[in-house]
Structures are given as structure tokens and as C-alpha cells.
Amino acid sequence: MATGLQLLQAVRQAASGDRLLRYQGMGETIGLARSASTIRDALDRIAPLWPRAEASHPARIRVSGRPGKFRLASPWLEEEQTAESETSAACALLVEMARSWLHAHPGMLCLHCAAFEANGRLIILAGTNRAGKSTLAAALGAAGARLYCDDMLPLTAEGAGIAFGIPPRLRLPVPPALEGSLAAEAARDLVSADERYGYTSPTNLAPHGATAPLGGIVLIDRADTGAPDFYHVERSEALSQLLLRNLHRDIGAKATIDRLLDIAGSVPVIRMQYAELDAAVAELLRLDPDDWPRGKPAPAKDWSSEHKEDLVAPAAEFIRSAGVQVREVDGEVFAVDPESEEIFRLNAIAAIVWDMFGEPTSLEAAVELLAEAYPDQDQEVIRRGVERLMAALLERGLIGPL
């Protein structure tokens, strides 16, 4: 039953002449002010595969303003967002539509990734913001791949991916280095664009609600030169990358770790380093979940780095904080702060140090034990690493002084 405040909002919105919209699966209605009604046309061009549903007052998501300065408000925004163009306003609105859909479907995770279908299963492309996942997705679409997303992929409790029906968004202008590429081909047929971004029109985009099981995960990295190459990924690294890219925290940190760990352990994961876009697309299109490449060994990493003096008093003793939940994966530890539910990854060396804090331990004692375990490692390097780690654990409240 609607509250008095909701009824008052409904009356005000009806009087304002807002145009009401709702899309399939959303829990909220969108209200478009008359001056912002062109946003509906942009949505129609960008996401025709996300069907509309019956809308009713009150509208909890609202777009107002006019071209040059649109304003967007929603239950999940702390303050109004502004956008200059119809395309950028539609982009911001699509994010809030996805949030509404996720809140209407409890128990979902949502990965920040691109995804395409291969042999009936999804291959996820995950990387940093500059790794090129949207450009790869646009190029894959131009090559005829069945695309699920370039940005947001909801995951069911069973680990299947669901399409929103939103096409890839390209950064504009296309760099000169990509002239003649599949990305440039995708950029020639944009359905909505401004000076900075444009939505592509892939011919094989999965419609809203399409579902497929996961078949593999590719962590993507850019390189300056060289042919695309694949590298082995440990399960703990795969879990860490998935945790970093989970956009929707609906089920709690511990349950999220368990769900994503199941995915990291049940589907193959590999890292692809690439320099040339079309060559990378060709390699991706050859991937088969049933015949996954093994990949080269990952290069070793130096765990020493710049050091700040006196981060931790050498003789002071510390112990694990009460209530911290942990999950061990392949020798690494994922710790969950009981208050904030933040998740922290401790690599194999850090996990050894963490284990020491089951009892009162000082920096001096931890360094001495590790020096015995790794006699070939420079003791000053060990000391710097342990002190840095202890300072980080202290800052995050995972350990505390006696």
C-alpha cells in the first residue's frame, strides 16, 4: 500500500506532466520531464531489445533539465547527476535502470565486464578501465559475435549470465591507430553519439533477459607491441579480479567470496596480453570452453617496493582482531572486515604473516621467522615487506595492538 508521502509525490508528478517509463524487470518507474522527453528517443535507439513494461506513479528515477544540462536523480545517487547530451544522459539513466533491475532481483551479483557467447556459453572479458574491454566488445560485435554486454553482466545464484540488451559504447573519436579496424567499422554505424561516446549497433546483440552459462574468463591487459599471448592464472588471482569487478553487493561479503570462488574454480580462467585489436579479436573468437588454452607461466613479481620509515614499532606485539572472517584459496587468504564487509586479499607471503597473528607477534619476531623460512632472501627486503603489510593490516583494523 502506498504511503501518504508516495501518494503526494504521485499527485505532484501527475500534475507536472512527467512522461512515465518502465522497462521489463525494473522495480522503479522513470519520470521524464517534458523538457527531457528526447531521452526516451535516445533509449529507443540504444536499447530496443529491452522491452518496456507498464509504468505507474510515483517515479523514483527522474530526468529533468534540457539539452545542455540534463539532471538525473535516483534512489541510489547521493546527489543529482548532470549530463550535457542526450547520449550521456541516456548512458547515466541506463546505469540506474540496471540498478533498479538488480534490486528487483535479490541475490544477484553483477560483474563489470564484457561478455560474448561461444558454443552456447559465455566468455567474460575483464580488465582495468583502460584495458579496452568496450572496444574489444564493439569489435567482436562488428565481427558477428553474439554479445551479452560491454559493461554490466548480472550473474544468477547458479552462475549464469543475463543480458540487459545494451550495446557496446565506444570512446570517440576512434584513435588514428584503429583506422581500418573492426572498432572503426563499428563506429561507422552509431545509434546515439556525442563528442565523447557513441553506442554501436551490433547485429547479434543478445536481447534483454537472454541467459547463458559461463564458459570461460579472460583477464585482458594492453601491451605496447607483440602478438596476443595467453598466460596462466591462479585461482586466487582469478577470485581477486572477480571481487574487484563485482558491482552489486547484495548477499554479503562472505557469500560473495564463496559464489565467486565457485565460478573461479568451475570455469577456466586465462590472461590475454595484446597490442593489436583485430588480432586480439581473432584469438578471442577461436576460444572454445571445451578446449581452453593452457597459457604460459605468469611472470614472477618482485614484492619489495618503496619504504617509509617507522611504520610499525619493532618490538610492539599485535594480534588478529576479533570477528574477522577468512577464506583460504590456494595458499592465499581473503579476509572480511566484520563491520564494513570490505574484502582484503593477502598473497601467499602475507598469508604466512597473517597466520602468525593468531598469537601475539611483533615485527621483529615475524621478520625473524620469515628469514628462517626464506634464507636466500635479503633480510632487509623481508623487513620492508612485513612492516608494510603490518601497517596495512593495522590501518584496515584486521590486527590490533595488545
How large is the helix-only mean residue ellipticity at 222 nm for the chain, computed as the sum of -39500 (n - 2.57) over DSSP H runs with n ≥ 4, divided by its residue count, in deg cm²/dmol to the nearest 500?
-9500 deg cm²/dmol
Region 168-213: radius of gyration and largest Cα-Cα distance (Dmax), Å
12.4, 37
List the GluC sites (Glu not before Pro) within region 45-95 that fall in a DSSP loop (any state other than H, G, I, E or B) and whose Cβ has at most 15 other Cβ atoms within 10 Å.
Glu54, Glu78, Glu79, Glu80, Glu84
The answer for Val329, listing residues at least 5 apart or on another chain whose modeled amide H is closer than 5 Å to its amide H, is Phe334
Residue by residue through region 34-40, what is 3J(HN,Hα) from phi via Karplus (6.51 cos²θ - 1.76 cosθ + 1.60, θ = phi - 60°)? Round to whole Hz and write x for glycine and proline.
4, 6, 10, 5, 5, 4, 4
Tabulate in residue order the Karplus-calculated ³J(HN,Hα) for region 183-200, using 6.51 cos²θ - 1.76 cosθ + 1.60 with θ = phi - 60°, rounded to whole Hz; enter x for Gly and Pro.
5, 5, 5, 4, 6, 6, 9, 8, 8, 7, 7, 10, 6, 9, 9, x, 8, 8
Which cross-chain or sequence-distant (5 or more) residues have an amide H under 5 Å from the amide H of Ile220, H modelled 1.01 Å from N in plane?
Ala126, Gly127, Met272
If one takes the longest principal axis of the Cα atoms in the chain, at what angle in degrees, from 0 to 90 and to the nearest 10, does the Cα axis of helix 133-142 lie?
50
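Over the chain, what relative contact order in percent results from Cα pairs under 8 Å that are six or more residues apart? Present the calculation step by step, with values, prior to reporting the outcome.
Working: 783 pairs, mean separation 48.3, N = 402.
Rounded, it is 12 percent for the chain.
Mind pulling up the Rg/Rh value for the chain? Radius of gyration and Kirkwood radius, both on Cα. Provide the component values of the computation, followed by the final result.
Working: Rg = 24.4 Å, Rh = 23.7 Å.
Result for the chain is an Rg/Rh of 1.03.
What number, in percent, do you get for the relative contact order of region 317-401 if the mean sequence gap of Cα pairs under 8 Å and at least 6 apart is divided by its residue count?
Numbers: 98 pairs, mean separation 29.6, N = 85.
Dividing the mean separation by the residue count of region 317-401 yields 35 percent.
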Rounded to two decimals, what is Rg over Rh for region 13-103 when you use alpha-carbon atoms and the Kirkwood radius?
0.92
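With an 8 Å cut-off on Cα pairs and a minimum separation of 6 or more residues, tell me the relative contact order of region 13-103 in percent. Could the numbers behind the result be given before it?
Details: 162 pairs, mean separation 26.0, N = 91.
Taking the mean separation of contacting Cα pairs over the length of region 13-103, I get 29 percent.
Just so you know, all these numbers are worked out from the coordinates, no wet-lab data involved. Quick caveat, the model's predicted, so the values are computed rather than measured. Positions of Cβ are backbone-derived with ideal geometry, glycine not excepted, and every protein chain shown enters the neighbour counts.
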